[in-house]
């Protein structure tokens, strides 16, 4: 039986999507940070549970041929699960993740395509949210949380973000130190600075800077605006977001514009988009462009079709196929995103699109409202789903199926909930086609996927389907 501080020899034969190498010692699973498939190591055990143990590398005996240590030189940051492996192997792991999720749901017959690589593997992120802390030396630490903790590791110049993000963070750190701006403490609820939130339009090159604070103002706001304007003409807006709640949620409800505007523009799927700070927008525009092209191919909208776009954000997916459909209806819970979607439709001369604010799980009520406004019944031919990581509410799955669209195109950032929801749809008469993973998040354990579910000619009846319908 393993004990804390034991040193054992391990052959690492797998890696998790959190970046832990997986080995076995006398039948017991051991998870080891900084180890990858193919490594042979001496590992010091730091924690023992009934079913597994956790270790750290004491010594590398043999390094894996899959290892690629040149992808990131920020050794203190452990946020990227796959930064130590080759990109080719990373793509295979992501395909495997999707395949295993569907197998776990009993959908082994569903075809999983090879993962589509990102056009760029560095500098691809157009959005980043950086927590702030004070280090032991008294300097500001701006980066990311270490895995499974709220300890901030320094990562201002993360290679996944554009260089300008790191430069802005350096300037902010100098400003914060000059004015001794306090940092939020989770235990006491005191202190001001919580996060720096940056967004950038890859095509427009516009940058939106948001400071998330535990209050309503920061010291020397005019000086901050002056400095940022002088050094970064790309910044079109500087915002304050107030979050005084004891929560892990990054953004609060209060917004104030210190300078410029509260949105940027970018182009995706052939559509120019206005994007506010809280609006959902894919973090990897170039890879998302390929993903949306695939979604459009799967949806195959015709001029007579009505497309229902759920979790529509600023309207990017639906608007990218609006030129082919007869009518587009979008639903999104964030009101500012709905306003952006409406403006985006008008700016792109798309007159047959309407967007509504509300929770996607309340789609039935929102469609009833739309029907009253339009004076007719709405029966979508195509439903687009792009939910958050938690996937779709069971009621939404049931209601979407009850609308009897011929095609449901499901985009997901979580293979586990995608497979679960495809299982529910299958029990309600919708057969999933080939699932195509897209790597929108190189170096991380995340993978995006898209699949089209088509209605069978005869609705199936099963215990699972009946149970979903009751929810």
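Data overview
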{"item": "Förster radius 22 Å - calculated FRET efficiency between residue 109 and residue 324, Cβ distance, rounded to 0.05", "result": "0.10"}
{"item": "Full-stretch length increase - residue 335, residue 157 - with 0.36 nm per residue and alpha-carbon distance subtracted", "result": "60.8 nm"}
{"item": "Fully extended contour minus Cα-Cα distance, from residue 255 to residue 170, at 0.36 nm per residue", "result": "28.2 nm"}
{"item": "log₁₀ of I(q)/I(0) at q = 0.10, 0.16, 0.18 Å⁻¹ - the stretch 127-267, Debye sum with one point per alpha carbon", "result": "-0.31, -0.82, -1.06"}
{"item": "Ascending count of other beta-carbon atoms within 10 Å, so fewest first, for 158, 80", "result": "80, 158"}
{"item": "Per-pair calculated FRET efficiency, R0 = 56 Å: residue 179 and residue 377 via Cβ, rounded to 0.05", "result": "0.40"}
{"item": "Cα Rg over Rh - the chain, Kirkwood", "result": "0.99"}
{"item": "Label-point gap, in nm, between residue 223 and residue 357 - each point 7 angstrom along Cα→Cβ", "result": "3.8"}
{"item": "Residues in the stretch 56-71 that a label on residue 42 would reach, taking backbone N under 18 Å of a point 7 Å out along Cα→Cβ", "result": "56-64"}
{"item": "Peptides 35-41, 166-172, 218-224 ordered by average Cβ neighbours within 10 Å, highest first", "result": "35-41, 166-172, 218-224"}
{"item": "Extension gain, residue 203 back to residue 149 (0.36 nm per residue minus Cα-Cα distance, nm)", "result": "15.9 nm"}
{"item": "Sorted peptide list for 401-407, 175-181, 422-428, criterion being average Cβ within 10 angstrom, highest first", "result": "422-428, 401-407, 175-181"}
{"item": "Helical mean residue ellipticity (222 nm; -39500 (n - 2.57) per DSSP H run of 4+; nearest 500) of the chain", "result": "-8000 deg cm²/dmol"}
{"item": "Global geometry of the stretch 1-117, whether rounded, prolate or oblate, following the gyration tensor of its Cα atoms and the 1.5 cut on a/c", "result": "oblate"}
{"item": "Residues 228, 290, 321, 1 arranged by fewest to most Cβ contacts within 10 Å", "result": "1, 290, 228, 321"}
{"item": "Ranked 174, 306, 267, criterion: other C-beta atoms within 10 Å, fewest first", "result": "174, 267, 306"}
{"item": "q = 0.13, 0.26, 0.30 Å⁻¹: log10 I(q)/I(0) that the Debye formula gives for the stretch 7-62, counting C-alpha atoms only", "result": "-0.23, -0.99, -1.31"}
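The numbers here are math on the coordinates, done by the rules we state, and not lab data. Every value quoted in this text rests on a predicted model; they were computed, and no experiment measured them. Here the Cβ is made from the backbone with ideal geometry for all residues, glycine too, and neighbour counts use every protein chain on show.
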